[in-house]
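Student: Got a structure for you, questions after.
Each value in this text was obtained by applying a stated rule to the coordinates, not by laboratory testing. These numbers come from a predicted model, not from an experiment. In this analysis, Cβ positions are derived from the backbone assuming ideal geometry, glycine residues included, and neighbour counts consider all displayed protein chains.
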Amino acid sequence: MDVLSNLKFAEGSRKKKKRVGRGQGSGHGGTSTRGHKGQRSRSGAKFRAWFEGGQMPLQRRVPKFGFKNVNRVEYVTINLDDIQELIDKGKIKETIINKEYLLSQNLIKGKNKPLKILGNGELKAKLEITADAFSKTAKEKIEKGGGKAVTV
């Protein structure tokens, strides 16, 4: 009969905590599972993160290389074939497309980054696209299709 007062944990489901330094009879007395002598056996033994026991640490063995350009401009990009696909699906109904419109339609992410139009694919629609930057091929393809590429 299962009554709340009779409930017990399943046998073997709860492990007893290892109590070190409580006499030889416990099996964890004497050296208290720390082994004999050495730096880690002493009390107060602490090591810095990445300390390798005096061996030359990895971050000092591996050579430095490369650099981060602080003046790099990271763009949010969209290709012409993506724009054409969205027009075909009926997601873009405007003839004037800018960053705010693309953001409002959730077609691009990154409202704080400048927008760049890339020239992959073909654009059949006649559009006026306003962006922060255009690739050379994108500008050519937009203007060849009768549209306008306006740089902000």
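Student: Any of K89/K136; K91/K124; K111/K136 with alpha carbons more than 19 Å apart? Name them for me. Write down the numbers at each step before the final one.
Tutor: Details: K89/K136 26 Å; K91/K124 15 Å; K111/K136 24 Å.
Table pairs above 19 Å Cα-Cα are K89/K136; K111/K136.
Student: Based on other C-beta atoms within 10 Å, arrange H36, H28 from fewest to most. The partial results should precede the final answer.
Tutor: Details: H36 7, H28 15.
Ordered by Cβ neighbours within 10 Å, fewest first: H36, H28.
Student: Can you list residues whose amide H is under 5 Å from V76's amide H, if they're 5+ apart or on another chain and H is modeled 1.01 Å from N?
Tutor: The answer is L115, K116.
Student: In addition: Multiplying the sequence separation of L4 and N79 by 0.36 nm and subtracting their Cα-Cα distance, what value in nm do you get? Working shown, then result.
Tutor: Values: separation 75, 0.36 × 75 = 27.00 nm, distance 6.55 nm.
The L4-N79 span can extend by a further 20.4 nm.
Student: Report the label-to-label distance for T31 and K93 in nanometres (one decimal), using points 7 Å from each Cα along the Cα→Cβ vector.
Tutor: Each label point lies 7 Å from its Cα, and together they span 7.9 nm.
Student: At Q59 and R22, where each label point lies 7 Å from the Cα along Cα→Cβ, what is the point-to-point distance in nanometres?
Tutor: 4.0
Student: Based on Cβ point charges of +1 for Lys and Arg and -1 for Asp and Glu, what charge dipole magnitude is obtained for the chain about its Cα centre, in debye rounded to the nearest 20?
Tutor: In total the dipole reaches around 1840 debye.
Student: Classify the chain as rounded, prolate or oblate from the Cα gyration tensor: take a ≥ b ≥ c as the square roots of its eigenvalues, call it rounded if a/c is under 1.5, otherwise prolate when a/b beats b/c and oblate if not.
Tutor: Working: a/c = 5.88, a/b = 2.21, b/c = 2.66.
Oblate is the answer for the chain, as a/c is 1.5 or above yet b/c matches or exceeds a/b.
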